[in-house]
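**Student:** One structure, pasted below without further comment.
The values are calculated or read from the model by the stated rules, or taken from the named source; none is laboratory data. Note that the structure is a prediction, hence the values are computed from the model and not measured. Cβ placement follows ideal geometry from the backbone for every residue including glycine, while neighbour counts extend to all protein chains displayed. With ligands, DNA and RNA removed, areas are computed over all heavy atoms of the protein, side chains included. Shrake-Rupley method; radii C 1.70, N 1.55, O 1.52, S 1.80 Å.
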There are 2 protein chains.
Amino acid sequence: MILTEAALAGLIAEALARHGMSARNAVLVAAVVAAAERDGAASHGLLRMPGYIATLKSGWVDGTAEPVVERPAPAIVMVDARNGFAQVAHAAAREAGLAAVREAGMAAICIRDSHHFAALWPDVEPFAEQGLVALTVVNTRSRIVVWGGKRKVLGTNPMAFACPRADAPPFVWDQASSLRAQGEVLLARTEGHRVPEGVGLDAAGKPTTDPAAILDGGALLPFGGHKGAGIAFMIEVLAAALTGGRFGFQDESAKFPGAQTSNAGQFLLLIDPARSAGDAFAGRVSALVAALREAGSERLPGEARQRRREQALRDGIVVPDAAYQRLLAMTQEATG
Amino acid sequence: MILTEAALAGLIAEALARHGMSARNAVLVAAVVAAAERDGAASHGLLRMPGYIATLKSGWVDGTAEPVVERPAPAIVMVDARNGFAQVAHAAAREAGLAAVREAGMAAICIRDSHHFAALWPDVEPFAEQGLVALTVVNTRSRIVVWGGKRKVLGTNPMAFACPRADAPPFVWDQASSLRAQGEVLLARTEGHRVPEGVGLDAAGKPTTDPAAILDGGALLPFGGHKGAGIAFMIEVLAAALTGGRFGFQDESAKFPGAQTSNAGQFLLLIDPARSAGDAFAGRVSALVAALREAGSERLPGEARQRRREQALRDGIVVPDAAYQRLLAMTQEATG
């Protein structure tokens, strides 16, 4: 099947609404799932739908949540996501965040009691398209072991950064604090192959290349050793302690069979470069990227996604028949 | 010799003033050199003095610079360091930065045309001692190759983070974006041993473990592969493009024989957790650190430094005789 982004998003929203989301919230979450599929980011596209639905069915997340937004200081926007999905909180906070950054030159959106199950770049890219620098961090349930520890405490804690360029779409990257994503280890177990050294530990805290040992009571390791651990720690502080969100080790999803998301927090920093660097900013970012290309850097983040996006917008999004049939079934199945 | 921190800082300031720094600026730079020596951070202590003096003699840095501070937006403080050392710019901006964060809940200090040759944690730790979260990034002259490139463009671009705790001094970390510091590679060459794989490339862009090949036209690699590269890129954008500072590849220190510093920029983010998380913040950071300890993490960043500091404050700072004599000579030598 070849679908437009709007048609695909519509079906996804229908499936989510069928399983307990309010129509408005379903549209907001569906938009990021469809965008991931459009950009060829398969791990965060339709593959996630069973996880969304299982989590909704478990009662762990509130698909009808209505976030509460406050602005306790000129540069600070606080959002209580009310146990809903993060995308709903972002939509609720967007106007206040933009007002704050335009007025103060910089602003933070601090989200608590939220569930983030999507790719992270959709949270920053739209701000960069409006000329802002955006950095966001999310904590997740405990998954990684750091600084010589034996058991996991910090989450895979992803981070995404976006900044405008003068001559091209925003420069955007998005990365987890773990060396490999949990999903990659799941895939290795399913396919019956080992993972590289450095990816994880077994339940006794010993290095292993056996994906089952990592998943059954073991843990992932951070990227870049103790330095990646420093990043993961900072993310836990900014996304949870600063927002009032739960730490990864306070997650209670295990009490809700089927739940696949973490109830945690998110910190989003917005900076208006016009208030510091002036008009020169976007041109300078372009010059930096040009210097990297000239030095031979050919694997710039976001470029493959950008190419796939352009193709999808031109030719439509190719959805394999089996995936399309599964999606249709989700829009119709009984929700008992 | 055993010296108090004040006595050591006094001698260092005298040596810097002898080589062209204004008395006031010399005191500000001397404080961070003495603090590094106090904390046992030898690589940023007295070992750096020949580099400071050679750079001052070269005419590349202005030891008498008087920074200019502006506040173009409620949450933005801009500092033109006027080609002086970053520590002088920090002192000049401190009051405006604190006023901005108290008023707006968050603030950024953006420094351009500055030279940072010291450890980075002294730039964030004092803010955390006042209850603020502080994150800073500095760019440096080109030193690392990223994203499959052949030549260096980004700098070693360090980052430091500090946040208050309820039951202990602030939690502080400080790390470069390169896997290993340039100084470690210099030491390996001097001592005649190889460096581990992944540390650097030779002039042809090929992996090597020969420190001389890395130093003679080669380059360092980022920590954590493409993810560390993402961090280094973000730092280049925040520290240079956003502040109006030079990119690493625009550095002109080579025109000033003897110059060892980079003329670049620095971005410092301050957040007042009282305006978002309220009084709970410091206690929650303590709970997070306690959870990490309970999980077996024994190598938390900053702890060894904290122990050495306590010992130095109690017993004085031990300076080997040869280093002491060299320092005395710096306070007296002709400055031709």
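**Student:** Provide the solvent-accessible area of A:Glu37, counting protein heavy atoms only and rolling a 1.4 Å probe, rounded to the nearest 10 Å².
**Tutor:** 40
**Student:** Can you tell me the relative contact order of chain A? Whole percent, Cα pairs under 8 Å, sequence separation 6 or more. Show your work: numbers first, answer last.
**Tutor:** Numbers: 738 pairs, mean separation 76.0, N = 336.
Taking the mean separation of contacting Cα pairs over the length of chain A, I get 23 percent.
**Student:** Residue by residue through B:147-155, how many Cβ atoms from other chains fall within 10 Å of the Cβ on average? Walk me through the numbers before you get to the answer.
**Tutor:** Details: counts 10, 7, 10, 5, 6, 1, 10, 5, 0.
Mean partner shielding for this stretch: 6.
**Student:** Based on the Cα gyration tensor of the range A:112-242, what are the three equivalent ellipsoid semi-axes, each the root of five times an eigenvalue, rounded to whole Å and given largest first?
**Tutor:** Taking √(5λ) for each eigenvalue gives 30, 16, 12 Å, largest first.
**Student:** Something else now. Taking every residue in A:70-78, how many Cβ atoms of other protein chains lie within 10 Å of its Cβ, on average?
**Tutor:** 6
**Student:** Also, quick follow-up: Cα-based Rg (one decimal) and Dmax (whole number) for the range B:22-152, in Å?
**Tutor:** Answer for the range B:22-152, Rg first and Dmax second: 15.8, 46 Å.
**Student:** OK, next. Sequence gap at least 6, Cα distance under 8 Å: using those rules, report the relative contact order of the range A:14-132 to the nearest whole percent.
**Tutor:** Averaging sequence separation for qualifying contacts and normalising by length gives 23 percent for the range A:14-132.
**Student:** Please work out, to two decimal places, the log10 of the ratio I(q)/I(0) at q = 0.07 Å⁻¹ from a Debye calculation in which every Cα of the protein assembly as shown carries one identical scatterer.
**Tutor:** Cα-only, vacuum Debye calculation for the protein assembly as shown: -0.46.
**Student:** Would the range A:236-329 count as rounded, prolate or oblate if I go by the C-alpha gyration tensor, calling it rounded below 1.5 in a/c and otherwise prolate when a/b exceeds b/c, oblate otherwise?
**Tutor:** Working: a/c = 2.68, a/b = 1.20, b/c = 2.23.
Oblate is the answer for the range A:236-329, as a/c is 1.5 or above yet b/c matches or exceeds a/b.
**Student:** Hey, can you rank B:242-253, A:225-236 by average C-beta count inside 10 Å, highest first? Walk me through the numbers on the way to the answer.
**Tutor:** Numbers: B:242-253: 21.8, A:225-236: 24.8.
Those peptides, ordered most packed to least, come out A:225-236, B:242-253.
**Student:** Another question about this same structure. Using a Förster radius of 56 Å, what is the FRET efficiency between B:Glu191 and A:Gln130 based on their Cβ-Cβ separation? Nearest 0.05, please.
**Tutor:** Working: r = 52 Å, r/R0 = 0.94.
After rounding to 0.05, the efficiency reads 0.60.
**Student:** Computed over the Cα atoms, what is the radius of gyration of chain B divided by 2.2 N^0.38 Å, N being its residue count? The partial results should precede the final answer.
**Tutor:** Working: Rg = 19.9 Å, N = 336, 2.2 N^0.38 = 20.1 Å.
For chain B, the normalised Cα radius of gyration comes out at 0.99.
**Student:** Relative to the compact globular guide of 2.2 N^0.38 Å, what is the alpha carbon radius of gyration of the range B:1-65, as a ratio? Numbers along the way, then the final one.
**Tutor:** On the way: Rg = 11.2 Å, N = 65, 2.2 N^0.38 = 10.7 Å.
The range B:1-65 yields a ratio of 1.04.
**Student:** Another question about this same structure. If the cut-off is a Cα-Cα distance under 28 Å, which lysines reach A:Lys57, setting aside same-chain residues fewer than 8 apart in sequence?
**Tutor:** Answer for A:Lys57, where 28 Å is the Cα cut-off: A:Lys152, A:Lys255, listed by chain and number.
**Student:** Moving on to the next point. Can you give the convex hull volume of the alpha carbon atoms of the range A:183-303 per residue, in Å³?
**Tutor:** On the way: hull volume 22.8 nm³, N = 121.
Roughly 189 Å³ of hull volume per residue.
**Student:** Please compute, over every Cα-Cα pair in the range A:38-110, the percentage with a separation greater than 16 angstrom. Intermediate results must be reported in sequence, preceding the final value.
**Tutor:** Values: 1532 of 2628 pairs.
Pairs farther apart than 16 Å: 58 percent.
**Student:** Continuing with the same structure: Just the accessible area for A:Tyr324, please: 1.4 Å probe, Å², rounded to the nearest 10?
**Tutor:** The accessible area of A:Tyr324 comes to roughly 40 Å².
**Student:** Output the Kirkwood hydrodynamic radius of the range A:275-336, Cα pairs only, in Å rounded to one decimal.
**Tutor:** Details: mean 1/r = 0.0626 Å⁻¹.
Taking the inverse mean of 1/r over all distinct Cα pairs, the range A:275-336 comes out at 16.0 Å.
**Student:** Going by average Cβ neighbours within 10 Å, how do the peptides A:268-278, B:313-323, A:200-210, A:112-122 rank, with the highest at the top? Don't jump to the answer; show the numbers that get you there.
**Tutor:** Values: A:268-278: 23.2, B:313-323: 13.2, A:200-210: 16.7, A:112-122: 24.9.
Going by the mean number of other Cβ atoms within 10 Å, highest first, we get A:112-122, A:268-278, A:200-210, B:313-323.
**Student:** In addition: Checking the a/c ratio against 1.5 first, then a/b against b/c, what shape does the Cα gyration tensor give for the range A:175-215?
**Tutor:** Oblate.
**Student:** While we're looking at this one, here's another question. Other chains' Cβ within 10 Å of B:172-183 residues: what's the mean?
**Tutor:** Details: counts 0, 7, 1, 7, 1, 2, 1, 3, 0, 0, 0, 0.
Going residue by residue through B:172-183 and averaging, the value is 2.
**Student:** Between B:Ala204 and A:Ala7, take the C-beta separation as r, use R0 = 45 Å, and let me know the FRET efficiency to the nearest 0.05. Could you put the intermediate results ahead of the total?
**Tutor:** Details: r = 51 Å, r/R0 = 1.13.
The calculated FRET efficiency here is 0.35.
**Student:** What number results when the radius of gyration of the range B:127-194, computed over Cα atoms, is divided by 2.2 N^0.38 Å?
**Tutor:** Dividing the Cα radius of gyration by 2.2 N^0.38 Å gives 1.49.
**Student:** Can you list the lysines whose alpha carbon sits under 16 Å from that of B:Lys227, skipping same-chain ones fewer than 8 residues off?
**Tutor:** Leaving aside lysines fewer than 8 places away in the same chain, those within reach of B:Lys227 are A:Lys227.
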